[in-house]
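The values are calculated or read from the model by the stated rules, or taken from the named source; none is laboratory data. Computed from a predicted model, the values in this text were never measured in an experiment. Quick reminder, even Gly has a Cβ in these numbers, built from the backbone with ideal geometry, and neighbours come from all protein chains shown. Heads up: the accessible areas ignore ligands, DNA and RNA and are worked out on the full protein's heavy atoms, side chains in. Shrake-Rupley method; radii C 1.70, N 1.55, O 1.52, S 1.80 Å.
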Amino acid sequence: QVLLVESGGGLVQAGGSLRLSCAASGIGRPFILNTMGWYRPAPEKQRELVATITNGGITTYADSVKGRFTISRENAENTVLLQMNSLKPEDTAVYYCNVEVRRVFPVSASTYWGQGTQVTVSS
């Protein structure tokens, strides 16, 4: 069973920084950990993409966080990190870790969500 454990949320003043971490466990052969990422709720969406990173290191960012947030992963630890700098009050949200687990044969893919970690940015 895949388990995601998130940490690193908290309260910070505008302009400050936080680093979120998400560690995935319960993933073994023949399954592989593919894309990992972070999402947060959005007004007109259930959750919006904040940043994702593939197992090849290709990253994607929401326009609102480009240049401020950096996503990275430690494959040996099945961990994804989100370094958040220059935080703004509008970044306040619950941030959810998301991972995609794939099996090569037979082909299958499953998505898992973490429990969420609160980030609050005060003005």
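Filtered by the rule that a residue be in contact with a Lys or Arg (Cβ under 6 Å, 6 or more places away or on another chain) and under 12 Å from residue 38 (Cα atoms), the stretch 84-123 gives 93, 95. Looking across the stretch 64-82 at every residue that is touching a Leu at 6+ places or on another chain (Cβ under 8 Å) and touching a residue at least 40 places away in the same chain (Cβ under 8 Å), the one that is least open to solvent (accessible area, probe 1.4 Å) is identified as 82. Only residues that are crowded, with 16+ Cβ neighbours inside 10 Å, of a type in the set (Gly, Ala, Ser) and farther than 15 Å from residue 65 by Cβ were counted in the stretch 90-115, giving 1. Within this structure, residue 103 fails the test of being under 19 Å from residue 17 (Cβ atoms) and charged (D, E, K, R).
For the stretch 59-99, the set of residues classified as aliphatic (A, V, I, L, M), over 14 Å from the mean Cα position of the chain (by Cα) and farther than 17 Å from residue 14 by Cβ consists of 76 only. Taken over the stretch 100-115, the residue count meeting the criterion of being in a strand (DSSP E or B) and within 14 Å of the chain's Cα centre (by Cα) is 4. Of the residues making up the stretch 1-59, those that are at pLDDT 95 or above, open to solvent by less than 40 Å² (accessible area, probe 1.4 Å), assigned to a strand (DSSP E or B) and more than 21 Å from residue 77 (Cα to Cα) are 10, 12, 40, 50. Just one of the numbered conditions (1) in contact (Cβ under 8 Å) with a residue 12 or more places away in the chain; (2) out of contact with any Phe, Trp or Tyr (no Cβ under 7 Å at 6 or more places or on another chain); (3) of a type in the set (Val, Ile, Thr) is not true of residue 58: (1).
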